1. How many residues, within the stretch 161-178, are under 20 Å from residue 62 (Cβ atoms) and either open to solvent by 10 Å² or more (accessible area, probe 1.4 Å) or aromatic (Phe, Trp, Tyr) (or both)?
2. Just to be sure, is residue 166 within 12 Å of the chain's Cα centre (by Cα), of a type outside the set (Asp, Glu), more than 16 Å from ligand 1 (Cβ to nearest atom) and over 22 Å from residue 6 (Cα atoms)?
3. Specify which of the listed residues (16, 62, 35) is among the basic types (Lys, Arg) and either more than 11 Å from ligand 1 (Cβ to nearest atom) or touching a Gly at 6+ places or on another chain (Cβ under 6 Å) (or both).
4. Of the numbered conditions (1) open to solvent by 10 Å² or more (accessible area, probe 1.4 Å); (2) among the aliphatic types (A, V, I, L, M); (3) touching a residue at least 40 places away in the same chain (Cβ under 8 Å), residue 132 fails exactly one; give the number of that condition.
5. Let me spell it out: the conditions are (1) under 29 Å from residue 10 (Cα atoms); (2) out of contact with any strand residue (DSSP E or B) (no Cβ under 8 Å at 6 or more places or on another chain), and residue 58 meets all of them except one. Which number is the exception?
6. Kindly list, by first and then second residue, each pair from a residue in the stretch 7-25 that is over 14 Å from residue 176 (Cβ atoms) and away from ligand 2 (no atom under 14 Å from the Cβ) to a residue that is open to solvent by 80 Å² or more (accessible area, probe 1.4 Å) and among the small types (Gly, Ala, Ser), limited to pairs with Cβ atoms under 8 Å and residues at least 6 apart or on different chains.
7. Suppose we filter the stretch 57-87 for residues that are among the hydroxyl-bearing types (Ser, Thr, Tyr) and either surrounded by 21 or more Cβ atoms within 10 Å (Cβ to Cβ) or modelled with pLDDT under 95 (or both); how many remain?
8. Out of the stretch 137-149, which residues are of a type outside the set (Asp, Glu) and either within 6 Å of ligand 2 (Cβ to nearest atom) or touching a strand residue (DSSP E or B) at 6+ places or on another chain (Cβ under 7 Å) (or both)?
Amino acid sequence: MRADRDWTTEKSAVRRRMIALRSALSRHDWELRSRALTAKLLCLDSVVRAEQVMIYLPFVARREVDTSMFMSWLEAEQKTVSVPVVKGKDLVASRFHVGDRIVSGCFGQPEPAIVRPLPVVADVIIVPLVAADRSGTRIGYGAGCYDRFFAALQKRGFTPHAVGICFSFQVLDTLPFDPWDRKLDCIVTEQEVISIQ
Ligand SMILES: Nc1nc2c(c(=O)[nH]1)N(C=O)[C@@H](CNc1ccc(C(=O)N[C@@H](CCC(=O)O)C(=O)O)cc1)CN2
Ligand SMILES: Nc1ncnc2c1ncn2[C@@H]1O[C@H](COP(=O)(O)OP(=O)(O)OP(=O)(O)O)[C@@H](O)[C@H]1O
């Protein structure tokens, strides 16, 4: 799709609608869906093979997919786990262990209290999202953090597998695509795994 000025407005409208829908999930529904999604996520070939995985700490009030069960599994599998920390306009991958103290970051996002940047970047990055489409286009909260992060990694020669996780109602038919958007390689929901070639 072509970039178009109206798309900024369309992106914001989709963002608002999806955040509202997701935030309205009951705690019970959120837990059930997150559990079903986790079961699919830990069977992915790329995840099973990965030595390092970057994952996010969820905004629970916004009902982002709960990643805590997945993190425990990663630790049990002795994989190296990192989480994003916002530094200025950029993201840093910080080593994380289940139980580490968590504080609120600049946008209110959960972040580890102690930042331990990882020199080597993950083989797999589990990406939070507000909406996605079946071609792998993704919309986040609009700060461009992940797009910039992937662009910076690519410059350094890293092309980690980007796995978007979200609930099934967040997968839409087509989303506007901007030139800086990094397509996801795969999307996992509580209902299906969508591989993008
Ligand atoms: N759990 C989680 N952690 C994450 C992200 C995420 O999407 N989810 N990020 C993904 O990049 C990064 C944080 N980036 C974020 C960017 C904007 C907003 C946000 O809430 N923005 C406001 C509006 C903008 C503003 O206040 O300036 C909003 O949506 O209400 C949150 C996180 C890194 N950590
Ligand atoms: N590689 C990049 N280099 C410089 N600026 C970028 C890059 N990627 C995105 N941006 C900037 O970030 C802003 C937000 O982008 P976009 O609306 O696609 O965010 P998003 O994908 O919803 O957010 P996020 O990636 O944080 O979840 C855009 O105005 C864009 O100019």
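The values are calculated or read from the model by the stated rules, or taken from the named source; none is laboratory data. The shown structure was predicted, so the numbers you read here are calculated from the model rather than taken from an experiment. Don't worry about glycine lacking a Cβ; one is built from the backbone with ideal geometry, like all the others, and counts go over all protein chains shown. For accessibility, only protein heavy atoms count, side chains too; no ligands or nucleic acids. Shrake-Rupley method; radii C 1.70, N 1.55, O 1.52, S 1.80 Å.
1. First, pick out the residues of the stretch 161-178 that are under 20 Å from residue 62 (Cβ atoms): 163-172, 175.
When the remaining residues are screened for being either open to solvent by 10 Å² or more (accessible area, probe 1.4 Å) or aromatic (Phe, Trp, Tyr) (or both), the result is 167-169, 171-172.
Here the count works out to 5.
2. So residue 166 does not fit the description; no.
3. Values: 16 fails: either more than 11 Å from ligand 1 (Cβ to nearest atom) or touching a Gly at 6+ places or on another chain (Cβ under 6 Å) (or both); 62 fails: either more than 11 Å from ligand 1 (Cβ to nearest atom) or touching a Gly at 6+ places or on another chain (Cβ under 6 Å) (or both).
Every option except 35 fails the conditions.
4. Of everything listed in (1) open to solvent by 10 Å² or more (accessible area, probe 1.4 Å); (2) among the aliphatic types (A, V, I, L, M); (3) touching a residue at least 40 places away in the same chain (Cβ under 8 Å), residue 132 misses just condition (1).
5. (2)
6. 23/61
7. Within the stretch 57-87, the first condition is being among the hydroxyl-bearing types (Ser, Thr, Tyr), and the residues that meet it are 67-68, 72, 80, 82.
Now drop any that are not either surrounded by 21 or more Cβ atoms within 10 Å (Cβ to Cβ) or modelled with pLDDT under 95 (or both), which leaves 67, 82.
Here the count works out to 2.
8. Here is the first cut: in the stretch 137-149, the ones of a type outside the set (Asp, Glu) are 137-146, 148-149.
Correct list: 138, 139, 140, 141, 142, 143, 144, 145, 146, 148, 149.
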